[in-house]
Amino acid sequence: MATFADLPDSVLLEIFSYLPVRDRIRISRVCHHWKKLVDDRWLWRHVDLTLYTMRPKVMWHLLRRYMASRLHSLRMGGYLFSGSQAPQLSPALMRALGQKCPNLQRLCLHVANLSMVPIASLPCTLRTLELHSCEISMAWLHKEQDPTVLPLLERIVLDRVPAFRDEHLQGLTRFRALRSLVLGGTYRVTETGLDMGLQELNYLQRLEVLGCTLSADSTLLAISRHLRDVRKIRLTVRGLSAPGLSVLEGMPALESLCLLGPLVTPEMPSPQEILASCLTMPKLRVLELQGLGWEGQEAERILSKGLPHCMVIVRALPKESMDWWM
């Protein structure tokens with residue numbers, strides 16, 4: 001029977017990569033060989049620190065000892081709801097990430113109070129910034145901020161960021177490399193604000209609007225007006241109707257369309273109406289319907305047969321992947 005000692009280093013590293021950071025450090029004490037593996041650059045490309053309420057001293061040690069130039073993706077929490085004594089993210093830590101981690105490209109922040117952290121302190125190498133249940137200041141994303149901040153930023157995720165509003169959306173135009181935007185539960189964004197924001201963000205190639213108060217019809221109307229080169233659309237079907245979906249007909253660059261439930265209303269387009277609209281999209285290659293309850297139903301057969309050039313995916317809403325960096 002094979003033992004751990006018989007496994008090649010590549011397999012051991014793959015196994016170790018699924019361990020929480022604390023356990024990775026602990027196994028380095030097993031033997032000299034494992035200590036060498038834990039020091040491997042590959043193991044520290046993606047780091048998830050959201051499992052811990054971590055003292056600043058420990059965070060600084062990880063930054064100096066293990067992450068540094070190896071780090072590509074970092075996920076961390078700010079302990080917004082843990083009380084005043086909990087450690088908070090600081091501008092000094094953000095600046096240190098930028099100085100010591102020159103290869104950091106993706107930063108995911110969860111339940112963090114960023115109201116005292118200037119956006120200018122974030123690492124300038126970031127290509128993806130994700131904010132989940134975070135507090136930001138009113139000035140964080142305003143147009144008046146320094147336009148040279150985050151010059152490489154291509155993707156921003158704003159998930160349940162209560163302060164985010166129309167003015168912030170229009171302020172995203174300062175990120176000239178931005179191509180992908182995700183709005184999740186941003187209830188302060190209005191239909192007028194979305195329309196005005198997308199008018200200035202007309203270079204976006206991917207847009208996701210999930211769980212917001214905006215209706216799907218108004219979102220699609222704004223997209224059809226301003227994002228003629230958009231390649232991927234993903235949105236919740238709340239307020240979606242057949243006329244609303246029809247505004248996408250003829251979209252010249254659209255390659256992927258994903259509609260998510262579970263709020264299905266009587267106005268929801270039928271499979272035949274979805275098929276008719278999709279047939280007018282010359283580059284559509286992926287149609288995804290999640291959480292609509294159509295799995296294994298006649299609707300799936302109609303769409304798959306009618307769109308032979310497309311990958312048609314009909315399924316329940318998937319659980320969040322453990323491979324968060326993908």
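The values are calculated or read from the model by the stated rules, or taken from the named source; none is laboratory data. Just so we're clear, the structure is a prediction, and the values are computed from it rather than from any experiment. Reconstructed Cβ throughout: ideal geometry from the backbone, glycine too, with neighbour counts over all protein chains shown. Surface accessibility is based on the protein's heavy atoms, side chains included, excluding ligands, DNA and RNA. Shrake-Rupley method; radii C 1.70, N 1.55, O 1.52, S 1.80 Å.
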* Restricting to segment 291-319, what's the tally of residues that are open to solvent by 40 Å² or more (accessible area, probe 1.4 Å), in a loop (DSSP other than H, G, I, E, B) and at pLDDT 90 or above? -> 2
* Structure fact -> Checked against (1) modelled with pLDDT of 85 or more; (2) in a loop (DSSP other than H, G, I, E, B); (3) exposed (fewer than 15 other Cβ atoms within 10 Å of the Cβ), T125 satisfies every condition except (3)
* Is one or more of the residues making up segment 141-151 in contact with an Asp or Glu (Cβ under 8 Å, 6 or more places away or on another chain) and either without any contact (Cβ under 8 Å) to a residue 24 or more places away in the chain or outside any loop (DSSP other than H, G, I, E, B) (or both)? -> no
* Residue by residue through segment 214-229, note down the ones that are open to solvent by 30 Å² or more (accessible area, probe 1.4 Å) and either in contact with a Leu (Cβ under 9 Å, 6 or more places away or on another chain) or aromatic (F, W, Y) (or both). => D217, R225, H226, D229
* Structure fact -> Among P271, P308, P282, P262, the single one that is more than 25 Å from the chain's Cα centre (by Cα), more than 30 Å from H46 (Cα to Cα) and in the same structural domain as R155 (by the TED database) is P271
* From R127, R155, R160, grab the single residue that is of a type in the set (K, R) and over 25 Å from W44 (Cβ atoms). => R160
* In segment 21-70, how many are aliphatic (A, V, I, L, M) and part of a loop (DSSP other than H, G, I, E, B)? -> 4
* Just to be sure, is L183 over 20 Å from W140 (Cβ atoms), in the same structural domain as V161 (by the TED database) and not in a helix (DSSP H, G or I)? -> no
* Hits in segment 89-107 - residues which are open to solvent by less than 30 Å² (accessible area, probe 1.4 Å) and more than 20 Å from P151 (Cβ to Cβ) -> L89, L93
* To do: Go through R179, R206, R155, R160 for me and flag whichever is on the phi > 0 side of the Ramachandran plot and within 14 Å of the chain's Cα centre (by Cα).
  => R160
* Kindly indicate whether R225 is within 19 Å of P262 (Cβ to Cβ) and either charged (D, E, K, R) or part of a loop (DSSP other than H, G, I, E, B) (or both). => no
